[in-house]
Number of protein chains: 2
Amino acid sequence: MHQALMTDLYELTMLAGYLREGMHQQPAAFDLYFREAPYHGSYAVFAGLQPALEYLSNLAFTDADLRYLAGLGLFSREFLDFLKEFRFHGRVTAPREGEVVFPGEPLLSVEGTLAEAQFVETTLLNIINFQTLVATKAARLTLAARGGQVIEFGLRRAQGPDGGLSVARAAAVGGVRSTSNVLAGRRFDLPVKGTHAHSWVMAFPDELSAFRAYAECFPDSSVLLVDTYDTLTSGLPNSLTVARELRAAGHELLGIRLDSGDLAYLSREARRMFDDAGFADVRIVASNELDEHVIDSIRNEGGRIDIYGVGTRLATCAGPGGGALGGVYKLVEYAGQPRMKVTSDPAKSTLPGCKRVLRVIDDNNHFVMDVLDLREGTGEAFSPGQVAYDPANSQRHKAIPLNCSIVDCRAVVMEQGRILHPAPSLEAMADYCADQLQRMPDGSLRLVNPHIYKVGISERLLKLKEQLTTHLE
Amino acid sequence: MHQALMTDLYELTMLAGYLREGMHQQPAAFDLYFREAPYHGSYAVFAGLQPALEYLSNLAFTDADLRYLAGLGLFSREFLDFLKEFRFHGRVTAPREGEVVFPGEPLLSVEGTLAEAQFVETTLLNIINFQTLVATKAARLTLAARGGQVIEFGLRRAQGPDGGLSVARAAAVGGVRSTSNVLAGRRFDLPVKGTHAHSWVMAFPDELSAFRAYAECFPDSSVLLVDTYDTLTSGLPNSLTVARELRAAGHELLGIRLDSGDLAYLSREARRMFDDAGFADVRIVASNELDEHVIDSIRNEGGRIDIYGVGTRLATCAGPGGGALGGVYKLVEYAGQPRMKVTSDPAKSTLPGCKRVLRVIDDNNHFVMDVLDLREGTGEAFSPGQVAYDPANSQRHKAIPLNCSIVDCRAVVMEQGRILHPAPSLEAMADYCADQLQRMPDGSLRLVNPHIYKVGISERLLKLKEQLTTHLE
């Protein structure tokens with residue numbers, strides 16, 4: 001799935017350069033992080049680790065790859081021979097999939113030779129950027145649905161078949177635990193769900209015949225699409241007729257699907273109609289350009305939807321601040337020395353050195369803030385009682401109360417190119433994510449204008465940063 | 001790549017229903033079309049036909065697929081046996097890839113048994129929606145660059161590895177004819193391009209050493225990234241030094257890349273600096289969140305950029321009206337009878353029957369408007385002199401001048417499940433697209449508030465629509 005050539009050309013030209021300069025074996029460390037939380041929210045949900053580790057552990061160039069590269073006329077024989085033996089033997093530190101993560105925090109940290117740690121940049125970004133973006137969207141949808149179920153319906157708007165698979169997987173991490181995508185169901189052991197299309201109704205002489213035929217075929221799992229002609233005057237009455245006929249035959253209609261019109265209003269009408277007729281268990285499914293804001297507004301207006309099918313806006317991660325997670329991959333240590341990029345745009349500066357991502361937790365088990373500390377180095381390791389600094393303005397700082405505890409959000413997950421632990425199930429990742437989200441501070445889960453969760457830096461990281469800035473200026 | 005199970009569950013449940021009802025062998029026809037042009041533009045560039053046809057011609061369920069489906073507990077043994085032999089033996093009518101297409105026009109029309117023509121809905125939408133959306137973005141970028149080159153840099157923000165491949169392919173159809181994605185270069189025979197990352201510069205003691213090392217390694221193809229520290233005071237002077245050293249050694253610096261700051265201003269400064277020093281051939285490459293609007297504004301301000309590297313906003317099809325192409329797939333004929341969906345939302349009504357998509361062309365060889373006509377049926381086939389009607393309001397109509405010619409924009413490309421013609425090269429598709437675009441009416445290529453290209457319907461299609469509407473009401 002993730003081939004060695006699936007990368008930007010510049011990873012290869014840089015590798016060739018490092019080899020020529022004799023730098024390729026020097027130790028190096030890179031941090032992968034994003035600068036702004038997606039969707040103008042306060043957080044992201046980390047996802048994509050398992051496919052990323054699988055990519056790293058299988059990384060190798062085939063003979064056909066090498067022939068193609070030789071044909072480009074850019075590379076020396078020596079470099080192509082080097083690529084033939086090239087593998088990833090490095091170390092990866094990362095949070096668990098489903099972890100709540102924040103802007104500026106290293107997600108993956110990759111340590112290895114300069115060659116191996118640099119080369120994997122593009123593919124790691126490709127995997128982590130998109131899966132994290134989808135998982136975050138899924139978490140927002142799940143939170144907006146407040147207990148209602150959300151199903152992933154996005155295959156037809158995803159970027160090709162693998163895009164559809166990635167969407168389904170990452171959505172599950174964020175809490176959207178079922179999909180219409182059959183291959184995703186098989187590949188990731190997810191429940192697959194579906195109803196029928198308008199064309200089903202249109203192929204029959206009338207809507208009632210179409211509903212009856214579908215219900216006969218799936219007497220215990222039919223969800224009838226009620227808006228082909230008119231929801232209130234045709235679709236709902238016909239579906240109620242079928243619900244009665246199914247019950248007479250010893251079955252129950254599973255649900256109906258609304259796909260157009262005013263979903264808050266129509267769902268209340270549908271609920272009333274089915275409840276009055278004694279069908280309180282018929283589920284109401286809604287689709288049609290749903291996102292977290294539409295779901296939230298439906299709920300605020302007393303809509304009675306049980307299941308939300310979200311397609312386009314999940315598969316494309318749509319919305320303000322969506323579309324892409326701007327993850328970057330930056331050199332933070334080379335040949336044992338911390339490295340830092342100081343550019344004219346301060347937002348694009350980097351934090352030097354190998355880091356720990358620490359989470360400060362209060363005695364109610366809620367998250368207070370995160371603190372980036374150096375993994376090693378002079379000065380005391382960060383602990384309660386110490387001061388955390390705003391990385392953009394060290395005049396702003398905050399002492400961490402002594403009654404707080406501190407946990408390291410990440411662990412080494414790959415060592416010498418070997419995956420250390422089998423991946424948890426998607427179900428376990430989703431459970432973990434749900435638990436993390438409910439430990440967030442008040443207001444930080446809000447869909448718009450959330451409370452911004454603070455990520456500080458420790459004194460020793462601040463000092464290193466200041467020292468390198470002075471040196472470079 | 002496109003497996004049979006890569007579909008929405010409902011395609012399978014409907015198939016099972018059609019089989020049970022004995023309807024599966026009835027002839028049916030579906031139209032795939034979109035309702036609104038992407039990016040608030042007037043047009044789209046059709047792409048994705050070749051992968052769509054490859055999917056159709058290879059469609060088959062494996063034994064493992066069937067075992068998985070059996071395990072879902074939804075399907076009968078009879079249906080699973082039916083799937084075992086299931087293939088696509090139908091007919092597909094389509095425009096050429098690179099064709100300029102408009103809202104409401106059938107792109108693909110699929111005819112076959114109800115079973116086969118219905119089943120392929122999700123996958124065809126998955127392929128055509130995204131490739132058409134990317135090709136359209138690429139055409140907009142290419143037009144905005146007005147002769148400047150555009151390179152696809154989007155892999156790290158694409159939806160997984162296959163998403164990255166789809167982006168590169170479809171971008172080429174729309175005119176973005178090179179990519180940083182090495183696998184896409186190999187797979188689609190596209191030129192691959194690249195520079196180096198900030199990390200290259202950061203791994204060296206200083207920027208000049210980094211530039212020198214890169215230029216030594218690639219003396220005839222180096223593009224130096226000049227913004228790691230400061231573009232004007234460091235990156236540009238150092239790159240000029242290297243340009244002089246390369247020339248002294250008998251080589252030429254290929255270019256420099258700007259990746260932050262005011263690209264219009266910096267590119268003018270860079271151009272002046274290199275021109276004054278006698279390096280008029282050094283190319284200026286720019287990247288950093290480019291899209292067609294940014295490119296347009298850089299050009300309007302006299303920016304001197306030769307090559308635009310577009311990543312995120314091409315791979316995610318970003319921008320107002322972007323993100324997704326809302327392609328749909330609707331039943332238009334069943335068992336020899338035209339079908340139509342008349343819903344309470346008039347925008348979601350469909351046009352019945354098998355159609356021709358006709359393009360009216362004036363004596364300057366420019367496009368005037370498109371007209372949808374029935375392929376067969378009572379009444380005269382559409383020709384100059386006849387009247388075309390606005391499909392939303394038949395009171396609005398227009399007679400086609402007699403000096404216009406009419407061409408059918410589509411052809412049968414698959415018959416009995418067999419691909420009729422080998423696909424043209426991507427280069428030929430891109431040339432065709434460029435030719436089509438320059439035949440569009442004045443103002444219809446404008447990036448914002450374009451002239452809306454008209455798509456009318458013929459009198460016999462209008463009559464059929466009115467007849468079916470009356471029948472259904």
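The long axis of helix A:9-21 is offset from the longest Cα principal axis of chain A by roughly 20 degrees.
Take each residue of peptide B:196-208, count the partner chain Cβ atoms within 10 Å of its Cβ, and average: the result is 6.
Summary of the geometry: the stretch A:242-289 and the stretch B:233-291, compared by the centres of their Cα atoms, lie 65 Å apart. Relative to the current alpha-carbon distance between B:Ala277 and B:Glu301, full extension at 0.36 nm per residue lengthens the span by 6.3 nm. Placing unit charges on each Cβ (+1 for Lys and Arg, -1 for Asp and Glu) gives the protein assembly as shown a dipole about its Cα centre, and among B:Leu420, A:Val182, B:Tyr43 the Cα reaching farthest toward its positive end belongs to B:Tyr43. Based on C-alpha pairs under 8 angstrom that are at least 6 apart in sequence, chain A has a relative contact order of 20 percent. Only helices enter the 222 nm calculation for the protein assembly as shown: every DSSP H run of n ≥ 4 contributes -39,500 (n - 2.57), and dividing by all residues gives -11000 deg cm²/dmol, rounded to 500. For the stretch A:24-169, the Kirkwood estimate of the hydrodynamic radius, built from every pair of different alpha carbons, is 17.3 Å.
Using the Cβ-Cβ distance between A:Ala347 and B:Thr378 with R0 = 60 Å, the FRET efficiency computed as 1/(1 + (r/R0)^6) comes to roughly 0.35. Among A:Val223, A:Val201, A:Ala249, which residue has its Cα positioned farthest towards the positive end of the charge dipole of the stretch A:194-280, with +1 placed on the Cβ of Lys and Arg, -1 on the Cβ of Asp and Glu, and the dipole taken about the Cα centre? Selected residue: A:Ala249.
Computed over the protein assembly as shown, the P(r) tail beyond 58 angstrom holds 12 percent of alpha carbon pairs.
Of all DSSP bridge pairs formed entirely within chain A, close to 65 percent run antiparallel.
Here is the tail figure for chain B: Cα pairs spaced more than 33 Å apart come to 46 percent of all pairs. Helix B:160-174 and the longest principal axis of the C-alpha atoms of chain B enclose an angle of approximately 90°. Using the Cβ-Cβ distance between A:Leu72 and B:Asn449 with R0 set to 41 Å, the FRET efficiency from 1/(1 + (r/R0)^6) comes to roughly 0.40. Run the quick spin-label model on B:Ala411 and B:Asp362: label points 7 Å from Cα toward the beta carbon, then report their separation in nm to one decimal. Each label point lies 7 Å from its Cα, and together they span 2.8 nm. Calculation over all alpha carbon pairs of the stretch A:194-280 in 10 angstrom steps from 0 returns a P(r) of 19, 56, 25, 1 percent.
Please work out the Cα center distance from the stretch A:42-103 to the stretch B:383-462, rounded to the nearest Å. Centre-to-centre distance over Cα atoms comes out at 45 Å. How far is helix B:459-472 tilted, in degrees, relative to the longest principal axis of the Cα atoms in chain B, given as a value from 0 to 90 rounded to the nearest 10? Approximately 60 degrees, to the nearest ten.
Of B:His251, A:His198, the sequence from fewest to most neighbouring Cβ atoms within 10 angstrom is B:His251, A:His198. Let's see if you can work this out: charge +1 on each Lys and Arg Cβ, -1 on each Asp and Glu Cβ, no other charges. What is the dipole magnitude of the protein assembly as shown about its Cα centre, in debye to the nearest 20? Dipole magnitude for the protein assembly as shown comes out near 200 debye. Only the Cβ atoms of Lys and Arg (+1) and of Asp and Glu (-1) were treated as charged; on that basis the dipole of chain A about its Cα centre amounts to roughly 420 debye. Pairs spanning more than 21 Å between alpha-carbon atoms, out of B:Lys348/B:Lys454; B:Lys355/B:Lys463; B:Lys348/B:Lys463; A:Lys348/A:Lys463; B:Lys330/B:Lys355; A:Lys330/B:Lys137: A:Lys330/B:Lys137. Note on B:315-322: average number of Cβ atoms from other chains within 10 Å of each residue's Cβ is 3.
Of all DSSP bridge pairs formed entirely within the protein assembly as shown, close to 70 percent run antiparallel. Approximating the spin labels as points 7 Å out from Cα along Cα→Cβ, the B:Gln467-to-A:Arg247 distance works out to 4.3 nm. Each Lys and Arg Cβ is given +1 and each Asp and Glu Cβ -1; about its Cα centre, the stretch B:162-283 then shows a dipole of about 480 debye. Here the spin labels are modelled as points 7 Å beyond Cα on the Cα-Cβ line, and at B:Glu36 and A:Ile419 they lie 4.2 nm apart. Applying D = kT/(6 pi eta Rh) to the stretch B:107-163, where Rh is the Kirkwood radius over alpha-carbon pairs, T corresponds to 10 °C and eta to 1.306 mPa s, the Stokes-Einstein value obtained is 114 µm²/s.
No lab work stands behind these numbers, since they all come straight from the coordinates. Quick caveat, the model's predicted, so the values are computed rather than measured. Virtual Cβ from ideal backbone geometry, glycine too; neighbours counted across all protein chains shown.
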